[in-house]
Structure formats: structure tokens, C-alpha cells
Amino acid sequence: MPIGLAVLAGILLFALYLNTKSGELAMYWIVGICFGFILRRASFCFTASMRDPYLTGSTTITRAVLIAFAVTSIGFTAIKYGYFRMGLPIPGMSYVVPVSVATAVGAFIFGIGMVIAGGCASGTLMRVGEGFHMQVLSLFFFIVGSLWGAHDMGFWKRNFMLAGKKVFLPDVFGWFGGIVVNLLIIAVLYVAAEKWENRKGAAGH
């Protein structure tokens with residue numbers, strides 16, 4: 001308890017120091033600390049959400065990720081629709097990118113890397129904080145790969161990524177229809193995950 005209180009005091013004092021430089025920096029510091037604490041307490045990891053159903057049959061983290069997707073989908077749709085109604089440029093549209101074979105290949109390679117490394121970006125950061133030394137190695141090469149990818153992004157975008165077609169659900173189904181379709185897909189995956197866990201649990205017994 002004394003160590004925990006000392007760390008908390010240090011966090012708050014550093015936040016006050018950052019606030020003298022920039023209120024935005026202080027906010028980032030506090031939000032980052034809170035986010036890291038939640039990740040640690042929840043053992044949240046996107047890799048585990050995909051890996052655990054296969055290895056252990058548990059879909060607890062899988063369903064938590066799906067719930068997070070549902071909540072953020074509703075929130076971001078509300079924000080985007082608000083801008084749309086006011087006739088302002090819709091934020092985040094630069095992230096609506098073409099879906100192509102490059103997406104599938106990249107996802108497959110990244111998935112293999114995450115399983116070998118034992119965690120995604122959030123899981124790696126969380127385990128580094130827990131003191132897993134091997135995850136430091138994963139974090140180092142995660143940074144190297146990210147910087148390398150950012151450096152060559154223009155090449156990959158011109159020659160591979162732009163070969164696909166952009167899909168923005170509100171353009172296809174309308175704003176209400178888009179969020180409904182999105183939530184229905186998430187709901188189907190949630191039910192499937194729950195049934196999978198029950199089936200694996202029954203098979204285990």
C-alpha cells in the first residue's frame with residue numbers, strides 16, 4: 001500500500017508538472033495511465049480474443065472485444081452523423097480505406113506475428129508493464145516494424161491498397177441502416193462465441 005500510494009502521488013505530481021507546460025499533455029498522461037491500468041486489470045488483449053477460443057475454448061475476452069466494438073461503433077456513428085447533419089466534413093473519413101487482397105494478406109501475416117509474439121500492441125504494452133522481459137523484445141521489433149511500415153506506406157498504398165474498393169456502410173445502407181447492419185454482425189459473432197464456449201466446455205467435461 002505505501003508503494004502504491006507513493007506511485008499515485010508521483011503520477012499526480014507529474015501530471016501537475018505537465019499541466020504547467022500543456023494541459024493537453026497532462027490529459028494524455030492521465031488518460032494513458034488510466035488506460036494502462038484498465039488493460040492490466042482486465043488482461044485485455046486482441047490476440048487473446050482470437051487465440052483463446054482455439055486454445056482453451058474461452059471466449060470471455062472475445063466477447064469483451066465485441067462489446068467494445070459495439071459501443072465504439074455507436075459512439076463514432078453519432079459523432080460522424082452529427083457532423084453530417086451540420087454540413088461539416090465528416091471526421092475520420094481518411095481511415096475509410098479500400099478492402100482488397102492486401103488487407104487479407106496483411107491481416108494474416110500480422111495475426112501470425114501477434115500469436116508468435118504472444119500479444120498485440122495493447123497486450124504487449126500491458127505485459128511489459130507486468131515485467132515480462134521477453135515482451136520488451138516484441139515491443140522493440142513492434143516499433144521497428146511500425147516505423148518501417150510507415151516509411152514505405154506510400155509504396156504499398158499506391159501499388160496494393162488502392163486496388164480495392166472503399167466500403168462506408170452509411171453510403172450503402174444509410175446512417176441508420178449502416179449502424180444496424182454493423183451491430184447485427186457483432187451480435188451474430190457474440191452469439192457464435194458464446195455457443196462456441198458452451199460447446200467446448202461441454203466437450204471438455
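Here, each number is a calculation from the coordinates, and none is a lab measurement. Because the structure is a prediction, the values reported are computed rather than measured. Cβ atoms come from the backbone with ideal geometry, glycine included; neighbour counts cover every protein chain shown.
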Query raised in the report: Along the charge dipole of the chain, Cβ charges K/R +1 and D/E -1, which of 77, 65, 4 sits furthest on the positive end?
Result: 77
Query raised in the report: If amide H atoms are built 1.01 Å from N in the plane of the peptide, which residues on other chains or at least 5 residues away come under 5 Å of the amide H of residue 99?
Result: 165, 166, 167
Query raised in the report: What does the charge dipole of the range 96-172 about its Cα centre add up to, to the nearest 20 debye, if the Cβ of each Lys and Arg holds +1 and the Cβ of each Asp and Glu holds -1?
Result: 220 debye
Report task. Quick one, could you list the DSSP H helices from the chain stretching 30 Å or more along their long axis (Cα atoms) with average Kyte-Doolittle hydropathy of -1.0 or above? Result -> 60-85, 169-204
